Amino acid sequence: MTNRPVIDTLEFAKKEQTQDLELRSVDLARLTDESTIVNDIVTANITGGTQTDGKPFIDLKILSGLRLTCQRCLGLFDLQINSNSRFIIALRENELSEVSLEEQHVNTVLAEKELDLVDFVEEELLLALPMVPLHGEGKCESPRLLDIETNPTNPFKRLK
Ligand SMILES: [Zn+2]
């Protein structure tokens, strides 16, 4: 994607606009530092609206597969992302904390005249990444990689 869509968040919500994005690795440089995008495609949908209580929001849907390196066996595994998050738009900085106190499990975003949607999506994907990517318990491909007995210089003894 060569043009990066930018929205005025409040206008976007008020007019109930919607925007579909198809992003590739080249668009998401920060994300691809840490992972590979499966099939090199991230699809996202951003929709604006107003809640029944009058609060403007942006809904963000992301569908993607990320390939990560397991920090235990250094094998690769895929993490499916299928997220659907609502962001309440706060007009001022001090409203950010107020809204998140009132509405738990809801994200907030500060009203912006020019919100870069690609950044917005990338930020959300970065948050979805595990701090330490690991296969599920017992799912590692080649646990012998970290078998301490194969590494005589390792000072730690096996606890078995
Ligand atoms: Zn593993």
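Listing for the model above:
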{"quantity": "17 Å reach of a label modelled at Ala111, 7 Å along Cα-to-Cβ, counting backbone N of segment 39-54", "calculated": "48-54"}
{"quantity": "Sorted by Cβ density within 10 Å, fewest first, the residues Phe77, Phe87", "calculated": "Phe77, Phe87"}
{"quantity": "Viscosity 1.567 mPa s, temperature 4 °C, Stokes-Einstein D of the chain from Kirkwood C-alpha radius, µm²/s", "calculated": "72"}
{"quantity": "Acute angle (nearest 10 degrees) that the helix 117-128 long axis makes with the longest principal axis of the chain, alpha-carbon atoms", "calculated": "40"}
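Throughout, read-outs are computed from the coordinates displayed, never taken from laboratory work. Everything quoted here is computed from the prediction, not taken from an experiment. Because the Cβ atoms are built from the backbone with ideal geometry, glycine has one as well, and the counts that use them run over all protein chains shown.
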